[in-house]
Amino acid sequence: MSVTLAHLTELTGLDVLDHLERETTVPIVDGLQAQGDLIVVPLGLIPEVTVTTYARWRTVPGTGLELLRSASGGNPHTLVADHGTCAWTTELRDPTGLALGVLRTSAPAYLIHPEHGGSGIAPGHYVVRRQREGGGQSRRHSTTTSFGTRFIAD
């Protein structure tokens with residue numbers, strides 16, 4: 001079944017900016033994908049990230065689960081899935097400290113963001129991480145943690 005951006009906004013009650021075409025079909029990707037300051041990575045590509053043995057998994061509701069809100073307190077990145085098909089945990093080990101959590105989904109799940117629209121995530125297990133800046137100057141906004149890591153902020 002094809003899902004449009006309009007359908008995602010109806011499910012979540014979240015809106016997207018006017019420049020985004022709401023009748024566009026949201027693509028479903030089974031590999032790396034980025035949405036602003038988040039990156040979604042198949043769990044198998046990051047062996048140093050592990051889910052703790054007794055992790056509690058939270059079912060992602062059809063109305064969505066906010067994963068991250070921009071540094072300025074504005075736009076949220078929201079994970080959306082059909083009820084019972086996707087779960088989320090933040091109980092993990094990540095030596096880089098970039099992982100927000102891990103999702104497991106048996107059907108397509110979606111990220112929605114007011115500025116970026118929607119992106120689809122194929123069934124599987126994925127790490128959702130903050131993106132970090134490399135060295136050198138950046139034209140994007142960023143925030144610096146007490147550990148010296150510069151996160152991309154959109």
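The set of residues from region 80-102 being touching a residue at least 40 places away in the same chain (Cβ under 8 Å) and closer than 19 Å to residue 35 by Cα comprises 80, 97, 98, 99, 100, 102. Taken over region 20-42, the criterion of being farther than 13 Å from residue 113 by Cβ and at pLDDT below 85 is satisfied by 21, 22, 23, 24, 25, 27.
Just one of the numbered conditions (1) modelled with pLDDT under 95; (2) within 15 Å of residue 99 (Cα to Cα) is not true of residue 52: (1). For residue 113, the criteria (1) crowded, with 21+ Cβ neighbours inside 10 Å; (2) closer than 16 Å to residue 24 by Cα; (3) out of contact with any Gly (no Cβ under 7 Å at 6 or more places or on another chain) hold in every case but one, which is (3). If you go through region 49-86 and pick out every residue that is surrounded by 18 or more Cβ atoms within 10 Å (Cβ to Cβ) and of a type in the set (Lys, Arg), you end up with 0.
All of 87, 81, 107, 99 fail the test of being closer than 21 Å to residue 43 by Cβ and touching an Asp or Glu at 6+ places or on another chain (Cβ under 7 Å), apart from 107. Just one residue in the set 144, 149, 89 is surrounded by fewer than 20 Cβ atoms within 10 Å (Cβ to Cβ), among the polar types (S, T, N, Q) and at pLDDT 95 or above; that residue is 89.
The values are calculated or read from the model by the stated rules, or taken from the named source; none is laboratory data. Computed from a prediction, not measured in an experiment: that's the story for all the values here. Neighbour counts run over all protein chains shown; Cβ positions are idealised from the backbone, glycine included.
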